[in-house]
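A.B. asks: Dropping a structure here in structure tokens format, bear with me for questions.
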Amino acid sequence: MFTTILVILVVLIAAVLVYAATRPDSFVVTRSANIKATPEAIFPMINDFRHWSAWSPYEKLDPEMRRTLSGAETGKGAAYAWDGNSKAGTGRMEITDATAPSRVSLKLDFEKPFRANNTVDFTLTPAGGDTAVTWAMRGSRPFIAKLMGLVMNFDRLIGKDFEAGLANLKSATEK
């Protein structure tokens, strides 16, 4: 009886591991919002890390977070590093490309609470009197992330932060 239960348990664990291994090797999280402001009014809020405290939901995770700006003041080469509590973690982002007033691309590297290297794109598209702002993050999914993805919905977890950030950006630029 014990042997049968052990064999069934091993087969179930193996099935879960095999299923996790078949999950996609990469991920994309995308959220969009329409903002009643021109791309020219919104672009500086994204292209300059000094303005992120006005809208980024991640800025509020740790009031004691240590922030370091380096490189260019704005645009390509501008960098922002942070070291915070267990919620904020530790990492660095750098603007890799900026095309005013339509796109800002970032390299986003997390060190804690887990290592990850992602790319982020903000796209601003005129839409009548509004601007459609899209926030997208792409990255690879190592096996452990695939396994965790079986019980956690990363799109929902990260997406709610993007939605909050876009709502904050809307409030900050529609004044």
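The values are calculated or read from the model by the stated rules, or taken from the named source; none is laboratory data. Everything numeric here is computed off the predicted structure, so don't read it as measured data. Counting neighbours? That spans all protein chains shown, and the Cβs are built from the backbone with ideal geometry, glycine included. Calculation scope for accessible area: heavy atoms of the full protein, side chains included, ligands and nucleic acids excluded. Shrake-Rupley method; radii C 1.70, N 1.55, O 1.52, S 1.80 Å.
Residues checked against (1) more than 26 Å from Thr173 (Cβ to Cβ); (2) open to solvent by 80 Å² or more (accessible area, probe 1.4 Å):
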{"site": "Pro24", "(1), (2)": "yes, no"}
{"site": "Ile35", "(1), (2)": "no, no"}
{"site": "Pro39", "(1), (2)": "no, no"}
{"site": "Glu59", "(1), (2)": "no, no"}
{"site": "Ala72", "(1), (2)": "no, no"}
{"site": "Thr90", "(1), (2)": "yes, no"}
{"site": "Asp97", "(1), (2)": "no, no"}
{"site": "Lys107", "(1), (2)": "no, yes"}
{"site": "Lys112", "(1), (2)": "yes, yes"}
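A.B. asks: Something else now. Please pick out the residue among Val120, Val133 that is surrounded by 16 or more Cβ atoms within 10 Å (Cβ to Cβ) and in contact with a helix residue (DSSP H, G or I) (Cβ under 7 Å, 6 or more places away or on another chain).
C.D. replies: None of the others qualify; the one that does is Val133.
A.B. asks: So is Leu9 closer than 30 Å to Phe143 by Cα and in contact (Cβ under 8 Å) with a residue 24 or more places away in the chain or not?
C.D. replies: Spelling it out, it is not the case that Leu9 is closer than 30 Å to Phe143 by Cα and in contact (Cβ under 8 Å) with a residue 24 or more places away in the chain.
A.B. asks: Scanning for something farther than 27 Å from Arg141 by Cβ and touching a helix residue (DSSP H, G or I) at 6+ places or on another chain (Cβ under 9 Å), does region 22-34 turn up at least one residue?
C.D. replies: yes
A.B. asks: Can you find a residue that is acidic (Asp, Glu), open to solvent by 50 Å² or more (accessible area, probe 1.4 Å), over 14 Å from the mean Cα position of the chain (by Cα) and more than 16 Å from Ser56 (Cβ to Cβ) anywhere in region 144-166?
C.D. replies: Checked against the condition, which is being acidic (Asp, Glu), open to solvent by 50 Å² or more (accessible area, probe 1.4 Å), over 14 Å from the mean Cα position of the chain (by Cα) and more than 16 Å from Ser56 (Cβ to Cβ), region 144-166 yields no hits at all.
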